[in-house]
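Peer 1: Below are the structure tokens for one structure; questions will follow.
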Amino acid sequence: MFKKSLKNFGKKHKDSSAESDNMFYQRQQEQAQSQATSVSTTSKLISKFKPSANNLSQGLEEIPYSIDELQSYGIAGRVKQLAFDPIQSLMAVCTEFNHVLIFGQSRVSFTLKLTSVNAIRGLRFVKGLYLIAIDSVSTIYVISLNEKKVVRTLTAKLPITAFETDYSLEFVYIGLTNGMVRAFDVETGNDCVLGFREQQKKYFPFESDVHVSSIKLHPRDLGTLLISYTKITVAYNLAENKVINSFIYVLPETAQGGENAKYEYNTKGEYVPYVTQSLWHPNGLHLLTVHDDNSIVFWDFKSGTQLLARTLFDSYVDSPTGQRMKPETKRMTPITKVSWICEKNPEYTSLLILGGDAYESEA
């Protein structure tokens, strides 16, 4: 009886031991499979974000991602202007009280109060060393990022109506109410008047308003400026000191034009809408002009040929219709800003347009 009990105990012990070994082996397999799955998922995730020699953003569009709040800063007043330095990861904002605040990584921040009583109309980072603040009248403040103070104040004799900078250049190009274009050196404070007078008088001798409405540097040639006046846009070469080409948008008497066209015809029966903005195609071979009637006009840079005139809703709005036009009673919101953006291939582009898509009474 005792021997039989020992045999049964030994059998049960073996069965229990075998069952325990099986369970242990299954757990090991499950853990190994789980680790393999985890490694596979991690590798897959890393491979999607791993930089590629062809496209640094490859895989990002396949993964849902969200924007996280990294830092919070208290600001007194509403933000009116903003500038960003992608190389140094700096952001500058200007409030309604003319307080300039510069933010960086790890809660880096600096506040500077400008003495100007006029509102600041623009902020730009220049050469990684300076922050340029331009007020709404005629003053340019040069703020040193190293010294954390205004190191230079540049004043134009007339109100500034347009300006342009490039991150790699120490010059600030400004356009004035009298049609002159000047270049200020932010490092030395010296300025020079570009070697040509305003160009509009040649074509519109009786036009009293000759202010510069827009200045843009060529995306591939920093020696070429696109300068717009109220009724004409010119391409000016700094090295050769001459106008390369001119662009004038003219509507015949029966052309539709933009939704906000005033149809103020001259003695020739032509209506010339005012230019509000001009900008280059990213490849620099074409350009467009934006007008106060909400027309958007595309041009060939080399030949000066007008390629297309359109609005947000209609194309070929410069073509005669055979009917005399009258201004619309309901006005559309004006197009206030246009940006010409591109993909990796600069031939694939799109326009980012602010305004012009609703009636003013509905906006």
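Any read-out appearing in this document is the output of simple, stated calculations on the displayed coordinates, not a laboratory observation. Everything numeric here is computed off the predicted structure, so don't read it as measured data. Cβ atoms come from the backbone with ideal geometry, glycine included; neighbour counts cover every protein chain shown.
Peer 1: Pulled fully out, how much extra length does the chain show between Asp300 and Lys268, if you take 0.36 nm times their separation in residues and subtract their Cα-Cα distance?
Peer 2: Difference between extended and current length: 9.0 nm.
Peer 1: Just flag the GluC sites (Glu not before Pro) in the stretch 62-128 sitting in loop per DSSP whose Cβ has no more than 13 other Cβ atoms within 10 Å. Write out the running numbers ahead of the final one.
Peer 2: On the way: sites: Glu62, Glu69, Glu96; in loops: Glu69, Glu96.
Passing sites in the stretch 62-128 are Glu69, Glu96.
Peer 1: Further question on the same structure: Just report the Cα centroid separation between the stretch 115-177 and the stretch 265-279, whole Å.
Peer 2: Their Cα centres are 31 Å away from one another.
Peer 1: Hey, fewest Cβ within 10 Å first, where do Cys94, Cys342, Cys192 land in order? Display every interim value, and only then the final one.
Peer 2: Details: Cys94 25, Cys342 14, Cys192 10.
The order, fewest Cβ neighbours first, is Cys192, Cys342, Cys94.
Peer 1: Full-extension gain between Lys201 and Asn283, please, as 0.36 nm times their residue separation minus the C-alpha to C-alpha distance. Each step should come with its number before you reach the end.
Peer 2: Details: separation 82, 0.36 × 82 = 29.52 nm, distance 3.05 nm.
Extra length from Lys201 to Asn283 when fully extended: 26.5 nm.
Peer 1: Taking 7 Å along the Cα-to-C-beta vector as the label spot, tell me the Thr329-Ser315 distance in nanometres, rounded to one decimal.
Peer 2: Calculated label separation equals 3.3 nm.
Peer 1: Using θ = phi - 60° and the Karplus curve 6.51 cos²θ - 1.76 cosθ + 1.60, what whole-Hz ³J(HN,Hα) does each residue of the stretch 243-255 get, with Gly and Pro shown as x?
Peer 2: 7, 7, 7, 10, 9, 10, 9, 10, 10, x, 4, 10, 7
Peer 1: For a quick check: with amide H placed at 1.01 Å from N, whose amide H comes under 5 Å from Lys80's, ignoring anything fewer than 5 positions away on the same chain?
Peer 2: Under 5 Å from the amide H of Lys80: Cys94, Thr95, Glu96.
Peer 1: Ranked by Cβ crowding within 10 angstrom, fewest neighbours first, how are Glu259, Glu362 ordered?
Peer 2: Listed from fewest to most nearby Cβ atoms, that is Glu362, Glu259.
Peer 1: Under the 0.36 nm per residue contour assumption, what length would be gained going from the current alpha-carbon distance of Asn178 and Asp221 to full extension?
Peer 2: Values: separation 43, 0.36 × 43 = 15.48 nm, distance 2.64 nm.
So the extension gain works out to 12.8 nm.
Peer 1: Return Asp185, Asp221 ranked ascending by Cβ neighbour count within 10 Å, so the fewest neighbours appear first. List each step's numbers first, then the result.
Peer 2: Numbers: Asp185 16, Asp221 13.
Ordered by Cβ neighbours within 10 Å, fewest first: Asp221, Asp185.
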